Amino acid sequence: MSAILAIPVLLLNIAGFLIFPAVKYRIQVQKSPLIGFSSLFLVMYFFVIFGIGKIGIYFTIFVNASLLIYSLFLIIRKNTRPNFFNTLLPLLIIFVIFFLVGIFVRNRFYYGWDELAFWDAFVRSLFVTGERSTKIVHADYPLGISLIQYYFVSITKYSQGIIIFGILSVLFSAVLACCPNLTKKNLWTISIIIIFSVLTLYLCNFEAIAIRVDGLMGIFFAALVFLIITEEKFDRLFSIQLSILLFFFISLKTPCLIFVAILIFLLFSRMDLFSELRKSRTSESPLKGLFSSSSIRNLLIIIAGPAIAFISWEVRNQIVQPMKIFSTTRFTLQNIQLLFSPEIADRERQICLDGLEHIFEINFFNAKIPVYLIAAGLFFLALFIDLLLKTTNSRKFLITNAILLIGFIGYTFFQFLFALFIQEPDLGEELNSFDRYIGTYIVAWLLSFFSILLWMIRKSTSIISKLILSIISMVVFFYVLSVAPMKQIFSPPLQEKTMWVQQKKVYKQFVNTIPKGSIVQTIDLESSGLSCLILNNLFVGHSYFIWDPCSNPKDFEISKEEFADYIDQSEADYILIEHGNEHFWNEFSEMFDFPWHGQIFKVVGRGDYRRVLPDE
């Protein structure tokens, strides 16, 4: 299916989920797409959990068609027809934007190690088998965005552009959820928020067009904070919406568990649940009094979504990948026991010193200041606004930023614990991914701060208040604009296509030679293994290529017997030799009937590998 045709087909197969909340329940149009994608994820989730993802695809298509037909019926019927300018026209504009974005990214590609080793591999394994393979790196990661991408490629074709479009659609939906109503008078505000969100991503060293979820996590978190703060009534409908959103959100990546805890704390503040708890204690039956409160019942509905998602995935890991669940906890307990041993005391001390340096001394990516100044600056700006305005919304804004500050401290402390007790020692000393994870939080805080500021301007009735808030919002915007890497945004470095071109030649040469369903052992010495990952991407649905540990010459300082054992254990049907080295050819050439580069050999027997000529 051509990309031009694929995008409209995709939009048709998500349209029901995206428009139903707005048409049926009159939910604001800008919130509807994110709720729709979260609902789509929820519908597919348990099919994939039980390894029947392909059935889930057909069921989801059916559900989407049913929702679309019902929504169209409501639109046509006079007494249920939504307002054209408030609902239908904005929905049409959103779908036009989705279409343009899809056309823009249709030929984009990626070939970074992480992207191909697991983010792309998650989608690939779902596409081929209908379930998450346990052999992939980080196979215990939650399903997250890969489920949306799996739906997209299953409906159209397996394409990197379609996979990018999958995550970009959800990212754009999360940005929309931070915006005001899609009306003509709000177009300027909406445009500013979209621009600000892109600037914030690049400020924190994320790209808008990428398949890693770190940037999406930040934008999604900001959207949830914004929705909680700007909601006027926390009724049953909103609680169900938030529960569905959190079900999807917590499934993006494990750190979202901490973000959900922060959001629940924020909900306690917004729903005045602390006073509800105090009331229940003074009643004759505290437990009965507790559950008689509608606020408590709604909170339980909200918590149910992320709780079910988290527990079900961890139970799945325990069944499918024994020792994965709680394995980090066991490793943590071991490290706590070792913490006081002289052998690793220096390592732990160095991690703490490096972490403090990252927070208080080293400039945070492109921000030109350490990250603690960003956190402190946002909190004190909120305090300054409340001292000046002394309104209900300014106090709400201050409490929100105080909670986000506490959350930032707790989240950073967790990153220390991760480096100290969970991460492997050789990675921990370098605080692997520390800044990237902190960047996710800063993206969320900056975007929610800015979006709520603009919301407060619209809500304010005082000209002086509007002026103060406008000045502060301009200061925040122009600071981010001044430090964002504009060259990277408008002139991103061109990706090196050489390896892709080379591996595509290999694909064309051998795709008709290797039988479908084969396992191919790749030997590409003095490479990182990236060539094999690209081959896996090209051969998706056809064959599976393995490379470890056949990438480094030192891995081949083994005997013939050990090599033959390795091939037998890998259950490889074929061996593809892309590049050997002198040691390899001297040691193993007699096992191959035509020992040379760029050849493929069938595993006939133990130590007997025979060349297969490619089909012309």
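Here are a few things to note about the model shown:
- Condition met for Phe418 (touching a residue at least 12 places away in the same chain (Cβ under 8 Å) and surrounded by 15 or more Cβ atoms within 10 Å (Cβ to Cβ)): no
- Selection over the stretch 133-148 of residues that are assigned to a loop (DSSP other than H, G, I, E, B) and open to solvent by less than 10 Å² (accessible area, probe 1.4 Å) gives a count of 3.
Listed here are the residues, each with its yes/no results for (1) open to solvent by 10 Å² or more (accessible area, probe 1.4 Å); (2) part of a helix (DSSP H, G or I); (3) not assigned by the TED database to the domain that holds Asn366.
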position	(1), (2), (3)
Ser125	yes, yes, yes
Tyr150	no, yes, yes
Lys157	yes, no, yes
Ile164	no, yes, yes
Ser173	no, yes, yes
Tyr202	yes, yes, yes
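- A single member of Phe85, Phe118, Phe37 is modelled with pLDDT of 90 or more, in the same structural domain as Leu168 (by the TED database) and part of a helix (DSSP H, G or I), and it is Phe37.
- Hits in the stretch 480-527 (condition: surrounded by 14 or more Cβ atoms within 10 Å (Cβ to Cβ), modelled with pLDDT under 80 and within 30 Å of Trp445 (Cβ to Cβ)): Ile489
- Test: Tyr110 is outside any helix (DSSP H, G or I), open to solvent by 30 Å² or more (accessible area, probe 1.4 Å) and modelled with pLDDT of 80 or more: no
- Ala210 vs. criteria part of a loop (DSSP other than H, G, I, E, B) and either over 21 Å from Met456 (Cβ atoms) or at pLDDT 95 or above (or both): yes
- Any hit, the stretch 213-232, residues being surrounded by fewer than 20 Cβ atoms within 10 Å (Cβ to Cβ), part of a loop (DSSP other than H, G, I, E, B) and touching a residue at least 60 places away in the same chain (Cβ under 8 Å): no
- Leu530 vs. criteria open to solvent by 30 Å² or more (accessible area, probe 1.4 Å) and under 17 Å from Trp119 (Cα atoms): no
- Considering residues of the stretch 568-607 that are in a strand (DSSP E or B) and open to solvent by 50 Å² or more (accessible area, probe 1.4 Å) only, the residue nearest to Gly517 (Cα to Cα): Lys602
- With respect to being free of Cβ contacts under 8 Å to residues at least 40 places away in the same chain and within 22 Å of the chain's Cα centre (by Cα), Gly112 fits the description.
- Taking the criterion of being touching a residue at least 60 places away in the same chain (Cβ under 8 Å), open to solvent by 90 Å² or more (accessible area, probe 1.4 Å) and more than 30 Å from the chain's Cα centre (by Cα), the residues of the stretch 61-107 that qualify are Phe85, Asn86.
- Remark: Val48 matches the filter, which requires a residue to be assigned to a helix (DSSP H, G or I) and either open to solvent by less than 40 Å² (accessible area, probe 1.4 Å) or over 30 Å from Glu314 (Cβ atoms) (or both).
- Taking each residue of the stretch 460-482 that is without any contact (Cβ under 8 Å) to a residue 60 or more places away in the chain and looking for partners that are β-branched (Val, Ile, Thr) and not in a helix (DSSP H, G or I) with beta-carbon atoms closer than 7 Å, six or more apart or interchain, yields nothing.
- Members of the stretch 451-469 that are among the small types (Gly, Ala, Ser) and modelled with pLDDT of 95 or more: Ser451
Results for (1) modelled with pLDDT of 70 or more; (2) among the hydroxyl-bearing types (Ser, Thr, Tyr), shown as yes or no for each residue.
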position: Val320; (1), (2): yes, no
position: Met323; (1), (2): no, no
position: Ser327; (1), (2): no, yes
position: Thr332; (1), (2): no, yes
position: Phe340; (1), (2): no, no
position: Glu357; (1), (2): yes, no
position: Ile369; (1), (2): yes, no
position: Gly377; (1), (2): yes, no
position: Phe380; (1), (2): yes, no
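- Residue, most open to solvent (accessible area, probe 1.4 Å), within the stretch 367-404, restricted to residues that are of a type in the set (D, E, K, R) and over 23 Å from Phe206 (Cβ atoms): Lys390
- Here Gly53 meets the list (1) buried (at least 23 other Cβ atoms within 10 Å of the Cβ); (2) at pLDDT below 95; (3) under 26 Å from Asn181 (Cα atoms) almost entirely, failing just condition (3).
- Flag if Ile190 is outside the structural domain of Phe478 (by the TED database), of a type in the set (A, V, I, L, M) and either in a loop (DSSP other than H, G, I, E, B) or open to solvent by less than 20 Å² (accessible area, probe 1.4 Å) (or both): yes
The values are calculated or read from the model by the stated rules, or taken from the named source; none is laboratory data. As the structure is a prediction and not an experimental result, all values here were calculated from the model. Every residue, glycine as well, gets a Cβ built from its backbone with ideal geometry; the counts of neighbours run over all protein chains shown. In case anyone asks, the SASA skips ligands and DNA or RNA and just uses the protein heavy atoms, side chains included. Shrake-Rupley method; radii C 1.70, N 1.55, O 1.52, S 1.80 Å.
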